[in-house]
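Student: Below is one structure. I have some questions about it.
The values are calculated or read from the model by the stated rules, or taken from the named source; none is laboratory data. What you see is a predicted model, and the numbers here were worked out from it, not measured in a lab. Here the Cβ positions follow ideal geometry from the backbone for every residue, glycine too, while neighbour counts run over all protein chains shown.
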Amino acid sequence: MEVGVVGKANVGKSTTFNALTLMDVPVAPYPFTTLKANRGVGAVRAPCPHVGKGIPCQPGNAKCVDGTRWVPVSLIDVPGLVPGAHEGKGLGHEFLDELRGASGFLQVADGAGATAPDGVPATPGAFDPAEEVAWLDQELVEWIAEILSRDFAKHSKSIELIGGPVEDLLQARLTGLTISPAQIATALRETPVDRGHPARWTVEERRQLAAALLRVSKPRWVAWNKCDRTTPEKLTELAERIAPVPSTPTSAEAEFTLRRAQKAGLVRYTPGASTFEIVDPDRLSAAQLRALEEIRHILATWGSTGVQNALERLVFDGLHQIVVFPVEDEHRWTDSKGRVLPDAHLIPAGMAVRAFAYRIHTELGENFLKAIDARTNRALAAEHPLEAGAVVRVVTKR
C-alpha cells in the first residue's frame, strides 16, 4: 500500500514527508524545491499482541516500542501541483502519473492561508485554505477523467457491439490506477449513467464517474499544516467547510524538528505524543532551547503536532486498514525460526483469511486448508473475515 503526499507548492509537503520518513529531502521557502517524486517509508501504530501473551516479541518487519508496533507504510512525495496540472502545466502530467499506484492521498494544505496558488509565500490569511482542497479535488477528478476518456468512443462502441460488461471497459481504461473491480462497481452505482450504452456517455457524465471513482478508490485526508500560525477556531471552521473530506491540524516543522532531535539523542519523544523531554539542556544552544519551547507551546495548544495522527487517520479510517499478525505456531505465536510475532501486516478490514493467505504467499493461498485463530485456537473457514489485531496461523494441504 502506498500513500501519496500531495498539495500545491510550498505548503510543507516535503517537510511532512521528511518528518514521517526522516529522509531529509530538500525543503526551502520557495516553490518547486521538489523536482521529482521522493519515495520512503513511514509507519502507523497498532497494539502489539505480545503484551497480552505475556512474552516479549521479536519483531521482523515492524518494530515494537513499549507494546506498540510501528507498521510500515510506503509514502511518495510528489512535486507541488499547480492549477491546470491535469493539462500538463508545471509538468503536471508527469507528477500526477507518479500517483497512479497510490491507495490514498494525504493532502498537505496551508492552514494559515499564507501560500499563493503558485506556491509564493504570503502573509497569513491572504488566501482561503479551503480553496486548496477544492482545487486539488478538481485536478484529481480531471486527471482520472482524462485517463478514462482516452480512445473512449472507439472502445465503448466495441463493448456495445459484443455485448460485454461496461466494467471490463472501465477496468481496461483504468489499468495502473489500482482501482479494483469492486470499487468500479460501487462508482457505477453512484453515477447516473446508462451502463448499457457507454458510447452515449457525455463528457460531463464521464467526469461524474471519475469523481465517484476517485472518492471510492483513493480516499483523501487533509493535513492543515502551519497550524501554529492560525487558531483552533479557524481550523475548526475550515474543517466544517471542506466536509465530508476529513482533516487534521498539523505542524510538520515541529514534528520534523522533534524527530531529528530524538534521533540525535537530544530529546525523548514518541511521534504522535503530546509531550517530549529534553535529555541534557547543556548540550543545546539558547536558540535551540527557545525553538523547543515554542514546540512545547504548539503541543500544549494542539495536543500533538498532528503529523503522525493525520497519516494514521488516513490509513485506518480513510483506507479502512487493520493490522494482523501471521504465525506458524498458534500456541507459541512463533514463525519457523522461533521468533515471537515477527511480522505485522496492514490489510483491508474484513479481508477473508484465504485472501490473506494469498497476500502472504501465492502457495499459501493455493494450498489453503483452514486458518486458526491463535488467540482462541478456533478454526477459521476460508471466507472468515479477519479482525484488527488477529494472530492467525494458515494451515495448508501440504
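The rows are residues; the columns are (1) under 29 Å from Val5 (Cβ atoms); (2) without any contact (Cβ under 8 Å) to a residue 60 or more places away in the chain; (3) hydrophobic (A, V, I, L, M, F, W, C).
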| residue | (1), (2), (3) |
| --- | --- |
| Gln138 | yes, yes, no |
| Leu148 | yes, no, yes |
| Phe152 | no, yes, yes |
| Lys157 | no, yes, no |
| Arg173 | yes, yes, no |
| Leu235 | yes, no, yes |
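Student: Only one of these is in contact with a strand residue (DSSP E or B) (Cβ under 6 Å, 6 or more places away or on another chain) and modelled with pLDDT of 90 or more: Ala109, Ala212, Ala187. Name it.
Tutor: One residue alone meets the criteria, Ala109.
Student: Just checking, which of Ala126, Ala102 is more than 22 Å from Val315 (Cα to Cα), at pLDDT 85 or above and not in a helix (DSSP H, G or I)?
Tutor: After applying the criteria, what remains is Ala126.
Student: Restricting to segment 327-356, give me the number of residues that are out of contact with any Pro (no Cβ under 9 Å at 6 or more places or on another chain) and crowded, with 21+ Cβ neighbours inside 10 Å.
Tutor: Adding up the residues that qualify gives 1.
Student: Return the residues of segment 336-367 that are within 20 Å of Ser103 (Cα to Cα) and outside any helix (DSSP H, G or I); say none if nothing qualifies.
Tutor: Selection gives Ala344, His345, Leu346, Ile347, Pro348, Ala349, Gly350, Met351, Ala352.
Student: Is it the case that Arg375 is of a type in the set (Lys, Arg), more than 16 Å from Trp70 (Cα to Cα), touching a residue at least 24 places away in the same chain (Cβ under 8 Å) and in contact with a helix residue (DSSP H, G or I) (Cβ under 7 Å, 6 or more places away or on another chain)?
Tutor: Judged against the criteria, Arg375 is not a match.
Student: One residue is enough: does segment 225-242 have a residue meeting the conditions within 23 Å of Trp143 (Cα to Cα) and modelled with pLDDT of 95 or more?
Tutor: The answer is yes, given that some residue of segment 225-242 is within 23 Å of Trp143 (Cα to Cα) and modelled with pLDDT of 95 or more.
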